[in-house]
2 protein chains.
Amino acid sequence: MKQELERIDDEHAVEIFKALSNQTRVNIIQMLKDHDSNFSAQAHVIKDEGFEGGVCVSDIQSKTGISQSTTSQYLSILLQSGLVEMKRIGQWTYYRRNEKTIKQFEKYIGMNI
Amino acid sequence: MKQELERIDDEHAVEIFKALSNQTRVNIIQMLKDHDSNFSAQAHVIKDEGFEGGVCVSDIQSKTGISQSTTSQYLSILLQSGLVEMKRIGQWTYYRRNEKTIKQFEKYIGMNI
DNA sequence: TCGGTAATTCGCGATATCTATATTTTAATT
DNA sequence: AATTAAAATATAGATATCGCGAATTACCGA
C-alpha cells in the first residue's frame, strides 16, 4: 500500500481518482466512515487489538451486494491507493479508512485541482 | 454539460473522479488554472467577450503533447463532468475551468469521502 | 463560392476495467 | 488429519478506456 509520508503527488492523486471512479468503491469508503451505524453489534468489528474501526471483508461484502471476490479486489484497489489500511487478525482481514491519506487527498484537491 | 445548480451527488462525483482518473486530463485542469502563465501573449486567450480565462483547443493541445482529436475528446469528458465550461466564438472553442463545480466538488470530498 | 484553419466525430486496435465463478491459500476447530 | 470458514488469487467474457489517424463539420476570409 501507498505509504504517504509526505504530500500526495499528481501520480498518486490519479491513482486515488481511479480508485474512486467506481460507485461501489465509493460506497465502501462511505460505509467505513460510519462503521458504527453500519456494522454494529454482531459484526466482526474490531474494538480492541489496536485496529479500531476495522471491518472484515465478509461484513463489507454483505453490505455491498457484490460478490466476495469482487469485494476483495475492490478492497485491494482501495488499499493500493492508500485510502484504506488493513490488518489480518486470525482468519479475518480487517479494513478501515486511512484518514491520514484522505486528509492529504483533500488538501491535494484544494491546492492542485 | 452537467448543470450543478445544487450540490454534487454520488453519481456526479463518480463521473468527476472518472474525468480526473487520467494524468493528461488532470494536467489540462491544472494548466487552465494558471492560464496566464501557460497561455500568455500570443495565444488565443479571451480577454473580453465575457469569457475570461478561456483557452482554445489548439493551444491546449500544443501544451499537452497529445493529438488534437484526443485533446478534443478529453475536453468533452471534462465538460460532461462539469469541471470545465466552453464557449464557441467564431471558429474557436474556448474552454475554461468551472470554478463553481470545482468548489462544490471540494465540498463533496470534505463531506462525503 | 472556394480554400484554409479549428474542432468534432468516427473507426479502430490495444489495453484496462468490471464482475463473476472456480480454485487456492490461510487459519481456526474438532 | 480432516473439516470448515475467510480471504485472496486465477481465469474469463463483456464492456470501457486509451489515443491515434481519417473523415466530417463549422466557420472564417478572400
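Every number in this text was worked out from the coordinates using simple rules, so none of it is lab data. Since the model is a prediction, treat every value here as computed from it, not as a measurement. For neighbour counting, all protein chains shown are included, and Cβ atoms are generated from backbone atoms with ideal geometry for every residue, glycine included.
Starting with the fewest neighbours, write out B:D10, B:D59, A:D36 ranked by other beta-carbon atoms found within 10 Å of each beta-carbon.
Details: B:D10 13, B:D59 20, A:D36 9.
Least crowded to most crowded, the residues run A:D36, B:D10, B:D59.
Can you give the calculated 222 nm mean residue ellipticity of the protein assembly as shown, where each DSSP H run of n ≥ 4 adds -39,500 (n - 2.57) and the sum is split over every residue, rounded to the nearest 500 deg cm²/dmol? Could the numbers behind the result be given before it?
Numbers: 12 runs with 122 residues, N = 226.
When only DSSP H runs of four or more count, the value is -16000 deg cm²/dmol.
Out of all Cα-Cα pairs in chain A, roughly what percent, to the nearest whole number, are more than 16 Å apart? Don't skip to the end; give the middle numbers.
Values: 3629 of 6328 pairs.
Result: 57 percent of Cα pairs exceed 16 Å.
What are the GluC sites (Glu not before Pro) within the range A:6-113 that DSSP puts in a loop, where the Cβ has at most 14 other Cβ atoms within 10 Å? Intermediate values should be presented prior to the final figure.
Numbers: sites: A:E6, A:E11, A:E15, A:E49, A:E52, A:E85, A:E99, A:E106; in loops: A:E6, A:E49, A:E52.
Here the GluC sites (Glu not before Pro) that fit, given the DSSP loop and packing criteria, are A:E6, A:E49, A:E52.
Once you charge only the Cβ atoms, +1 for Lys and Arg and -1 for Asp and Glu, what is the size of the charge dipole of the protein assembly as shown about its Cα centre, to the nearest 20 debye? Spell out each step's value before the answer.
Numbers: 28 positive and 30 negative charges, 45 e Å.
The dipole magnitude comes to about 220 debye.
For the protein assembly as shown, build the charge dipole from Cβ charges (+1 Lys, Arg; -1 Asp, Glu) around the Cα centre, then report which of A:V14, B:G54, B:Y74 sits farthest towards its positive end.
Of the listed residues, the answer is B:Y74.
Lys and Arg at +1, Asp and Glu at -1: add these up for the other residues within a Cβ distance under 9 Å of B:S21 and post the number. Each step should come with its number before you reach the end.
On the way: positive: A:K18, B:K18, B:R25; negative: A:E15.
Charge balance near B:S21 sits at +2.
Translational D (Stokes-Einstein, µm²/s) of the protein assembly as shown at 20 °C and 1.002 mPa s when Rh comes from the Kirkwood sum over C-alpha pairs?
Numbers: Rh = 19.0 Å.
Approximately 113 µm²/s, per Stokes-Einstein.
A:T64 versus B:K87, label points 7 Å from Cα toward the beta carbon: distance in nm?
Distance between the two pseudo-spin positions: 4.4 nm.
Out of residues 5 or more away from A:I89 or on other chains, whose amide H comes under 5 Å of its own, with H placed 1.01 Å from N in the peptide plane?
It is A:Y94, by chain and number.
Taking the Cα centre of chain A as origin, sum charge times position over the Cβ atoms of Lys and Arg (+1) and Asp and Glu (-1), and report the length of that vector in debye to the nearest 20.
Numbers: 14 positive and 15 negative charges, 37 e Å.
It comes to approximately 180 debye.
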